[in-house]
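Please read the structure below before turning to the comments.
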Protein chains: 2
Amino acid sequence: MIARLCANLPNGRRVLLGPGDDCALLAASTKAQLITIDSMVEGVHFKLEWGTPAMLGARALSINLSDIAAMGGNPTFCVVNLAIRPGLGTRFFDELYAGLAKTATVAGVSVAGGNITRATELAITIALMGEVENGPLRRDSARPGDKIYVTGTLGDAALGLRILQKKVAARGRQRDHLVKRFLEPTPQLAIGRKLARLKPTPAAIDISDGLWQDLGHLLQRSGVGGRVFSEALPLSEAYRQVYGDNCDLALSGGDDYELLFCASTAISDAQLRRRLGMDVRCIGEITREKEALLVSATGQAQPVHGHGWDQLRVT
Amino acid sequence: MIARLCANLPNGRRVLLGPGDDCALLAASTKAQLITIDSMVEGVHFKLEWGTPAMLGARALSINLSDIAAMGGNPTFCVVNLAIRPGLGTRFFDELYAGLAKTATVAGVSVAGGNITRATELAITIALMGEVENGPLRRDSARPGDKIYVTGTLGDAALGLRILQKKVAARGRQRDHLVKRFLEPTPQLAIGRKLARLKPTPAAIDISDGLWQDLGHLLQRSGVGGRVFSEALPLSEAYRQVYGDNCDLALSGGDDYELLFCASTAISDAQLRRRLGMDVRCIGEITREKEALLVSATGQAQPVHGHGWDQLRVT
């Protein structure tokens, strides 16, 4: 099955030997290499009734692509491990692969190989490689005084998930927008590469576990603290209509797959937007004090409780 | 947890950025790169009561190392995805990682990163990279007239598995030997690298699904057939004592993680053993006819039924 994915993809010429041998063989490169691994497990990360198999395949790759984006890299090759359970037929996997292949093509990724194993729950695990031309964007380089920015809007995917789980009611265009933000995340590859060209190189992380948790990872790695202004959190129109001004899910919902980055005050917001060709939002600043504070509209600063850093997540 | 694995391993100096960021960053290399992915799932590939957590961690890496061995490569870096289920504590995972780290150190592999996810069954999925200096050994280069060789003895691991499953009775040293061959396979990295230096480069595959199935993969990829002499199959003393002269498990049992390779008749068995520094066994020959035949002691040649090629296994 995986062999079909390997046809004529942008990096295909660098795949010297694709699926069907003991390993894939990739031509040497003069650039530093990135590698990441991530997994989606049925019942933990998704339910089949939430979307199509194609969406599932696409999403499994997208969440890995987001890690490459957060380093400012170009994704190149992946290998796919599929744990399959009884009850799912060839058509299901054909569709899943088609979704994965389409996302791979758009991102310039070649599927170089894979493995299929039996299991009692469906799981898609992808190891994705990439290359660094500039940067890389790291988590450990935030400096006191830097401004904290995010791409896109926050909390939409978490709200979409709750709509799929029937914990929150929504309909029409709002529902479609929010659910799509969960099912079909957009890895910010282009913006990651543009960020990697800035000097000094911004610190960055992708927002997968939720803004507060991922900011925590970055602050911890950089040995600094931060203040985030709740009023500044970018909420979508659909989010506000369905969930009001409650920014809980924007703070800690997860699954955004937007980028959080820190840039020097030497560059203005307007310059930054021009350089990136995208509207990014300044949501706070890096401080010397090793704590993360949320500053309310009235200026009250307080730690956010119940959103501790996820000790399980290691890359 | 994974961060602890990354200390001072032989390839560590090439890990520019290890666990703790969105991706691992590896220094560029001038050599062609190998990549493979493999997974072990509780209840499918192992039961916890069969061995220690350290054995499990070591085995998860060893089965990937065997794929690098089968290409004649040097293993370099891996990323580990651990799907953890309720009921297993920190100590279990510490031991599992210790086993994995020890095997990594011996093989010269750096654990560059990883991911941990919740699941209902324990699964360890590893993507392993390697480099090719000579060769690589491929599955598609066997030529009619080549002799077929295997390293080590066959069927021990399959018999060990059946002992663990209490399907076969054994005791004492025989039991220990056979069970160890299943729980602690030895990837043939050194022999793979030596094979890759031979001219013409031998075709090769590792024996993971069983001799007959893996020979089938190699014959299919090379567009040739083969004859295997049942009398020539290398059976260990322990195998014979527990299972007699029945070569079923040696033919199709799986989990051997030995190498099967094909070499030109221009090199004699004695020369080959000298070049490889290891006793390898010639078990048959490659033919033009696209079929695999087992030749009995009386010279009767017949296809082996019930050991079809595993359509699920793609690399």
Residues located in the stretch A:199-226, provided they are in a loop (DSSP other than H, G, I, E, B) and either surrounded by fewer than 20 Cβ atoms within 10 Å (Cβ to Cβ) or touching a helix residue (DSSP H, G or I) at 6+ places or on another chain (Cβ under 6 Å) (or both)
A:Lys199, A:Pro200, A:Thr201, A:Pro202, A:Gly210, A:Gly223
Conditions (1) at pLDDT below 95; (2) within 19 Å of B:Leu154 (Cα to Cα); (3) of a type in the set (Gly, Ala, Ser): number failed by B:Ala232:
(1)
Starting from residues that are closer than 19 Å to A:Ile63 by Cβ and among the small types (Gly, Ala, Ser), keep the ones in the stretch A:208-249 and report whichever is nearest to the other protein chains (Cβ to nearest Cβ).
A:Ser208
Answer yes or no: is there a residue in the stretch B:176-189 that is touching a residue at least 24 places away in the same chain (Cβ under 8 Å), under 16 Å from the mean Cα position of the chain (by Cα) and surrounded by fewer than 19 Cβ atoms within 10 Å (Cβ to Cβ).
yes
Tell me whether the stretch B:101-112 contains one or more residues that are within 28 Å of A:Glu121 (Cβ to Cβ), part of a strand (DSSP E or B) and within 14 Å of another protein chain (Cβ to nearest Cβ).
yes
Hey, any hits in the stretch B:140-151 for a residue that's surrounded by fewer than 24 Cβ atoms within 10 Å (Cβ to Cβ) and within 10 Å of chain A (Cβ to nearest Cβ)?
yes
Collect the residues in the stretch A:47-81 that are farther than 30 Å from A:Leu137 by Cα and either within 11 Å of another protein chain (Cβ to nearest Cβ) or touching a helix residue (DSSP H, G or I) at 6+ places or on another chain (Cβ under 8 Å) (or both), keeping them in residue-number order.
A:Lys47, A:Leu48, A:Trp50, A:Gly51, A:Thr52, A:Pro53, A:Ala54
Give the residue that is nearest to B:Ile191 (Cα to Cα), with candidates limited to residues of the stretch B:227-272 that are in contact with a helix residue (DSSP H, G or I) (Cβ under 7 Å, 6 or more places away or on another chain) and among the charged types (D, E, K, R).
B:Asp256
For the structure I just gave you, tell me whether A:Thr90 is free of Cβ contacts under 8 Å to residues at least 60 places away in the same chain, more than 20 Å from the chain's Cα centre (by Cα) and at the interface with another protein chain (Cβ under 9 Å from one of its Cβ atoms).
no
If you go through the stretch A:1-30, how many residues are over 28 Å from B:Ile207 (Cα atoms) and either at pLDDT 95 or above or of a type in the set (S, T, N, Q) (or both)?
4
What residue, of B:Asp214, B:Asp279, B:Asp206, is without any contact (Cβ under 8 Å) to a residue 12 or more places away in the chain, closer than 24 Å to B:Leu189 by Cα and of a type in the set (D, E, K, R)?
B:Asp279
Single residue of the stretch B:113-139 satisfying the filter (surrounded by fewer than 24 Cβ atoms within 10 Å (Cβ to Cβ) and of a type in the set (S, T, N, Q)) that is farthest from the other protein chains (Cβ to nearest Cβ)
B:Asn134
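The values are calculated or read from the model by the stated rules, or taken from the named source; none is laboratory data. What you are looking at is a predicted structure, and each value in this text was computed from that prediction instead of being measured. As a convention, Cβ positions derive from the backbone with ideal geometry for all residues, glycine included, and neighbour counts pool all protein chains shown.
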